[in-house]
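**Q** Pasting in a structure now, in structure tokens, and then I'll have a few things to ask.
The values are calculated or read from the model by the stated rules, or taken from the named source; none is laboratory data. The shown structure was predicted, so the numbers you read here are calculated from the model rather than taken from an experiment. Glycine also receives a Cβ, built like all others from the backbone with ideal geometry; neighbour counts cover every protein chain displayed. Areas reflect the complete protein model, heavy atoms only, side chains present, ligands, DNA and RNA absent. Shrake-Rupley method; radii C 1.70, N 1.55, O 1.52, S 1.80 Å.
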Amino acid sequence: MTEPMDLKAKLGLDVFKPVREPHIKIRPGREKDPRLKPALRLCPAGLYSENEKGEIVLTIDGCLECGTCRLACGTEVLDWNYPEGGTGVQFRFG
Amino acid sequence: MDKFDVIIVGAGLAGLGAAYTLADHDLEVLVLERGDYPGAKNVTGGRLYINPIRDLFPGLWENAPLERFITHEGVTLMAKERSVTLDYSGNELRQEPLQSYSVLRSKFDRWLAEQVENKGIMVLSKTRVDDVIKENGNVAGVLAGGDELRADVVIACDGVISLLAEKSGLRPPGAPHDYAVGIKEVIALDSGVINERFNLEGTEGTARLFVGEVTKGKFGGGFLYTNRESLSLGIVIGIGDAMDYTLPVEVPLLLEAFKSRPEIAPLIKGGSTVEYSAHVIPEGGFKALGNLCGNGILVAGDAAGLALNIGFTVRGMEYAMASGYFAARAVLKAKETGNFHAETLRVYKRFLEESFVLQDFINFQKSPAVLSNPRFFTHYPELVGNLMKDVYTVPEGPKSRLFPIFRKHMTPGELWAIVKDLKHFSKI
């Protein structure tokens, strides 16, 4: 029986070239915006979490650059870009 | 040289399709790719259908690194505690010309880029395009890594989240209901084991779609494709749908639940996951297509919204390669007059309309609405599953007759609801 794989373990299989600075940021002041809530459940890499203060926090390591958060939350709350050339995830299979 | 004839943004299938077509025409063409190599940022389910694009790229296919040719098409209605599967296989799927192949993008895109480079076109990787350069209402080039690169025309093939299409004013940011997200694992598995488990000979392959409990009743489904030495296994879920109602579980856990299903677990047993990936897919169809051209700019592939869910399959890669081809042909036409305004470049749209690309989009323009019927993802898997459960059950006492079993599930109300659904289905 294949053991269920932890998300961090799955992301650990992928090749990531370090980004100089996060390419996706929650816009200052928008950390408690309800429009960010869907990202908690939809991000395929599980990068969005909520802290004790009720603020949404984004950890950029492991970003698969899929675009889901940009579509679900919108550009008013997210400053969304692709990472610089030659950085971020590099799929070896695709 | 201070100006290129054409700058292509994105070395995916649309970008490389355009570059391949422009080669041998004595133009200065530059392809820019933000990944370490072409394919580094691309993901497919997936499988490529060759027939519509075979003749657009003659000679390309003999040596293309395709995985398995698909001879089995499966669809599974997945209820909570049971499932019903249909498997189609036909001799025509084993005869040349072979219809479709499973594919892995990193390998395929990289190879295609080599073919483009062999024809003398420069493909520059690790280069992110940050913006278009606009002059007097025309796109005159791109800004990349602080450098201005000028061209008569830009072909934006920068993928489903096309920042260039937005920055050049051709479309607004997408709406969640027009997109789905696919998440996928590539699971390495010995090719002999794959052949045994899936009843395949040689390099035959299978493509399977799963609908219902996979996405907890939300729009989307599961998929499984056999590659030479791996399986592509994943799920797709509509972003708008996942937002509308509270999804009971996080999206990554849906994939784990899918893998644990008794229908799936034995198929992947002994395999090892080698990659985890995710990518957004356009699902809006014809009505969600953005503008295809502007002054000095064309948009192709996913960047133009050119992916189509027609129920039994989801297609995007053929449209990417074909639209790249037609964008290149439009550029060659415009080059004859030296005019790269929207009015001249609009021939691109005409090419697409006359080809399978927009004809498919127009013919299937109702498919987003028809296929988003929640009954496909909740009601029908349970209905068919329960019907089959009762058909196959042999109890301690007498076995009930078959027609009453059928009548029990297919009540007049149910049959009427099915007829209504079929009437909607007639639109695709």
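**Q** What is the sum of charges, Lys and Arg at +1 and Asp and Glu at -1, for the other residues whose Cβ falls under 13 Å from the Cβ of A:Pro22? Kindly include the intermediate steps, with their values, before the conclusion.
**A** Values: positive: A:Arg20, A:Lys25, A:Arg27; negative: A:Glu21, A:Asp61, A:Glu65, A:Asp79, A:Glu84.
Local charge sum for A:Pro22: -2.
**Q** Could you work out [θ]222 nm for chain B from helices alone, using -39500 (n - 2.57) per DSSP H run of at least four and dividing by all its residues? Round to the nearest 500 deg cm²/dmol.
**A** Values: 15 runs with 139 residues, N = 428.
Helix-only estimate at 222 nm: -9500 deg cm²/dmol.
**Q** Treating cross-link reach as a plain straight distance, find the lysines whose alpha-carbon is under 16 Å from the alpha-carbon of A:Lys25, omitting any fewer than eight places away in the same chain.
**A** Answer for A:Lys25, where 16 Å is the Cα cut-off: A:Lys37, listed by chain and number.
**Q** A further question follows. As an exercise, use a Förster radius of 45 Å and the Cβ-Cβ distance of B:Arg150 and B:Tyr49 to find the FRET efficiency, rounded to the nearest 0.05.
**A** 0.75
**Q** Determine the residues within the range B:258-278 where the difference in accessible area between the chain on its own and the full set of protein chains amounts to at least 40 Å²; count protein heavy atoms only and use a 1.4 Å probe.
**A** Checking the loss per residue gives B:Thr273, B:Val274, B:Glu275, B:Tyr276, B:Ala278.
**Q** Please report the accessible area of A:Cys73 (heavy atoms, 1.4 Å probe, ligands and nucleic acids excluded) in Å², nearest 10.
**A** A:Cys73 exposes around 10 Å² with every protein chain in place.
**Q** Report the accessible surface area buried between chains B and A, summing both sides, using a 1.4 Å probe on protein heavy atoms only, in Å² rounded to the nearest 100.
**A** Numbers: alone 19720 and 6600 Å², together 22400 Å².
For chain B against chain A, roughly 3900 Å² becomes buried.
**Q** Once ligands and nucleic acids are excluded and a 1.4 Å probe is used, how much of B:Lys269 is accessible, expressed in Å² to the nearest 10?
**A** Approximately 110 Å² for this residue.
**Q** Could I ask something else about it? Please report, as a whole percent, how much of the solvent-accessible surface of chain B comes from carbon and sulfur atoms (probe radius 1.4 Å). Can you show the working numbers first?
**A** Details: 9380 of 17820 Å².
Carbon with sulfur: 53 percent of the solvent-accessible area.
**Q** Counting partner chain Cβ atoms within 10 Å of every residue's Cβ in B:125-133, what's the average?
**A** Rounded to a whole number, the mean comes out at 3.
**Q** Estimate the FRET efficiency between B:Glu117 and B:Lys287 by the formula 1/(1 + (r/R0)^6), using the beta-carbon distance for r and 45 Å for R0, to the nearest 0.05. Provide the component values of the computation, followed by the final result.
**A** Values: r = 38 Å, r/R0 = 0.84.
The computed FRET efficiency comes out at 0.75.
**Q** Hey, in the GNM for chain A with a 10 angstrom Cα cutoff, which one of A:Arg35, A:Arg20, A:Arg70 fluctuates hardest?
**A** In the Gaussian network model the winner is A:Arg20.
**Q** Heavy-atom accessible area per residue, chain A, 1.4 Å probe: how many Å²?
**A** Working: 4580 Å² over 94 residues.
With the other protein chains kept in place, chain A gives 49 Å² per residue.
**Q** Which residues in the range B:153-183 place their backbone N less than 16 Å from a point set 7 Å from the Cα of A:Glu76 along the Cα-to-Cβ direction?
**A** So the set is B:173-176.
**Q** Let me ask you something else. Along the charge dipole of chain B, which of B:Gly212, B:Ser260, B:Gly90 sits closest to the positive end, that is, farthest toward it, with unit charges on the beta carbon of Lys, Arg, Asp and Glu (+1, +1, -1, -1)?
**A** B:Gly212
**Q** So the label point goes 7 Å from the Cα of B:Trp61 along Cα→C-beta, right? Which residues of the range B:105-132 then have their backbone N under 19 Å from it?
**A** B:105, B:108-109, B:111-113, B:115-116
**Q** List, by residue number, every residue in the range A:40-78 with a reduction of 20 Å² or greater in accessible area between the chain on its own and the complete protein assembly, 1.4 Å probe.
**A** Residues passing the criterion (a loss of at least 20 Å², heavy atoms only) are A:Arg41, A:Leu42, A:Pro44, A:Leu64, A:Glu65, A:Cys66, A:Thr68, A:Arg70, A:Leu71, A:Ala72.
**Q** Taking all protein chains together and a probe of 1.4 Å, list B:Ser426, B:Ser168 from the most accessible to the least accessible. Before the final figure, lay out the partial values.
**A** Working: B:Ser426 90, B:Ser168 25 Å².
So, going from the largest accessible area down, we get B:Ser426, B:Ser168.
**Q** Using heavy-atom solvent-accessible surface (probe 1.4 Å) with all chains present, what is the largest-first order of B:His379, B:His409, B:His177? Show your work: numbers first, answer last.
**A** Details: B:His379 60, B:His409 30, B:His177 115 Å².
Greatest to least solvent exposure: B:His177, B:His379, B:His409.
**Q** At a Förster distance of 51 Å, what's the computed FRET efficiency of B:Glu250 paired with B:Thr337, Cβ-Cβ distance as r, to 0.05?
**A** 0.40
**Q** Okay, moving on. For chain B, set up a Gaussian network in which alpha carbons nearer than 10 Å are linked by springs, and say which option among B:Trp111, B:Trp61, B:Trp416 fluctuates the most.
**A** Top of the fluctuation ranking is B:Trp416.
**Q** Moving on to the next point. Which residue fluctuates most in the GNM of chain B (Cα springs below 10 Å): B:Ile155, B:Ile281, B:Ile53?
**A** B:Ile53
**Q** Now for a different question. What distance in nm lies between label points placed 7 Å from Cα along the C-beta direction at B:Glu353 and B:Val391?
**A** 4.7 nm
**Q** Let me know the charge dipole size of the range B:285-409 about its Cα centre in debye, to the nearest 20, where only the beta-carbon of Lys, Arg (+1) and Asp, Glu (-1) is charged. Let's see the in-between values first.
**A** On the way: 15 positive and 10 negative charges, 75 e Å.
Magnitude of the dipole: close to 360 debye.
**Q** Can you give the extra length, in nm with one decimal, that the chain gains between B:Ala257 and B:Asn91 once fully stretched, where that is 0.36 nm per residue apart less the Cα-Cα distance? Could the numbers behind the result be given before it?
**A** On the way: separation 166, 0.36 × 166 = 59.76 nm, distance 3.48 nm.
Residue separation times 0.36 nm, minus the Cα-Cα distance, leaves 56.3 nm.
**Q** Let me ask another. Leaving out ligands, DNA and RNA, and with a 1.4 Å probe, what % of the accessible surface on chain A is carbon or sulfur? All intermediate terms of the calculation are to be shown ahead of the outcome.
**A** Working: 2460 of 4580 Å².
The C+S portion of the solvent-accessible surface of chain A is 54 percent.
**Q** Another one. Rank B:Thr85, B:Thr44, A:Thr75 by accessible area, highest first, at a 1.4 Å probe radius?
**A** On the way: B:Thr85 80, B:Thr44 20, A:Thr75 50 Å².
Descending order: B:Thr85, A:Thr75, B:Thr44.
**Q** Kindly flag which residue pairs out of B:Lys184/B:Lys269; B:Lys80/B:Lys420; B:Lys3/B:Lys333; B:Lys287/B:Lys420 have an alpha-carbon separation exceeding 21 Å in this structure.
**A** Numbers: B:Lys184/B:Lys269 17 Å; B:Lys80/B:Lys420 25 Å; B:Lys3/B:Lys333 19 Å; B:Lys287/B:Lys420 24 Å.
Listed pairs above 21 Å: B:Lys80/B:Lys420; B:Lys287/B:Lys420.
**Q** May I ask for the longest run of chain B untouched by GluC sites (Glu not before Pro) that are loop-located per DSSP and have at most 12 neighbouring C-beta atoms (other than their own) within 10 Å?
**A** Working: sites that count: B:Glu62, B:Glu81, B:Glu201, B:Glu396.
Of all site-free stretches, the longest is B:202-395.
**Q** Show me the chymotrypsin sites (Phe, Trp or Tyr not before Pro) within the range B:294-381 that DSSP assigns to loop and that have at most 14 other Cβ atoms within 10 Å of their Cβ. Intermediate results must be reported in sequence, preceding the final value.
**A** On the way: sites: B:Phe312, B:Tyr319, B:Tyr325, B:Phe326, B:Phe340, B:Tyr348, B:Phe351, B:Phe356, B:Phe361, B:Phe364, B:Phe376, B:Phe377; in loops: B:Phe312, B:Phe340, B:Phe364, B:Phe377.
Taking the range B:294-381 and a limit of 14 other Cβ atoms within 10 Å, the loop chymotrypsin sites (Phe, Trp or Tyr not before Pro) found are B:Phe312.
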